[in-house]
Amino acid sequence: MKKILMILLLAFPLLALDLELKSGYVAAHTEMLMDNNIDPINNHLNASIAIENNDITTIRGKFWVEMTLFTSDKSDRDKSMYEELQTDKFEIATYTITDVVKIDEEDSYTINGILDFHGEKKELSANAKITTLEGSLVIDASSMILMSDYGIEMPCMVFMCVRDQVDLLIKATF
């Protein structure tokens, strides 16, 4: 009986399935008075994600992006962004999923995790729509961070400052 129980316990992790990322991106949005929207995007999302028994609430793993791969419609502004974010020192931002909680609405979830950004680790929750379609799992998530929470002071020119709040949109297809 002990042997059977031991075999079952050892086989339990085998029920987890590693998901292969087909495509993904992280888009950021902030604003500056008189410059309208600032919308850098990084189309080079990386992921190491697993799911158990096709149960979305068991998704665990992490996402990461290289910070110098965020680009917007103004390359000069991008260079300034890289300097402000000290991308030479903090090259990678990582989000590690701690749990996924089902919300009452269809396909709606809260993804909880830890964002490791600019040398700081902080809890971060994202609202997500997680769907399966033709053998693919699609995660569409959104969240918000304050750059000041990560020790970053947004640049100002005279009285025009870039907004401290950055809205994040993440899409990943596995």
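Rule-based calculations on the coordinates, nothing more; no lab input. Treat the numbers as computed from the prediction; the structure is a model and nothing was measured. Every residue, glycine among them, receives a Cβ derived from its backbone with ideal geometry; neighbour counts consider all protein chains shown.
Summary table
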read-out: Local electrostatic count at A50 - Lys and Arg +1, Asp and Glu -1, tallied over other residues with Cβ under 10 Å; value: -1
read-out: Environment charge at D99 (Cβ cut-off 15 Å; Lys +1, Arg +1, Asp -1, Glu -1); value: 0
read-out: Computed [θ] at 222 nm, helices only, for the chain once each DSSP H run of length n ≥ 4 contributes -39500 (n - 2.57); value: -3500 deg cm²/dmol
read-out: Label-point gap, in nm, between T173 and N112 - each point 7 angstrom along Cα→Cβ; value: 3.1 nm
read-out: Distance (nanometres) between label positions extended 7 Å along Cα→Cβ at K121 and M144; value: 2.7 nm
read-out: Chain lengthening between H44 and T96 when straightened (0.36 nm per residue, less Cα-Cα); value: 17.0 nm
read-out: Which of I103, M81, V158, positive extreme of dipole for the chain (C-beta unit charges); value: I103
read-out: The chain - percent relative contact order, Cα under 8 Å, separation 6 or more; value: 22 percent
read-out: Between helix 75-84 and the chain: long-axis angle, C-alpha atoms, 0 to 90°, nearest 10; value: 70 degrees
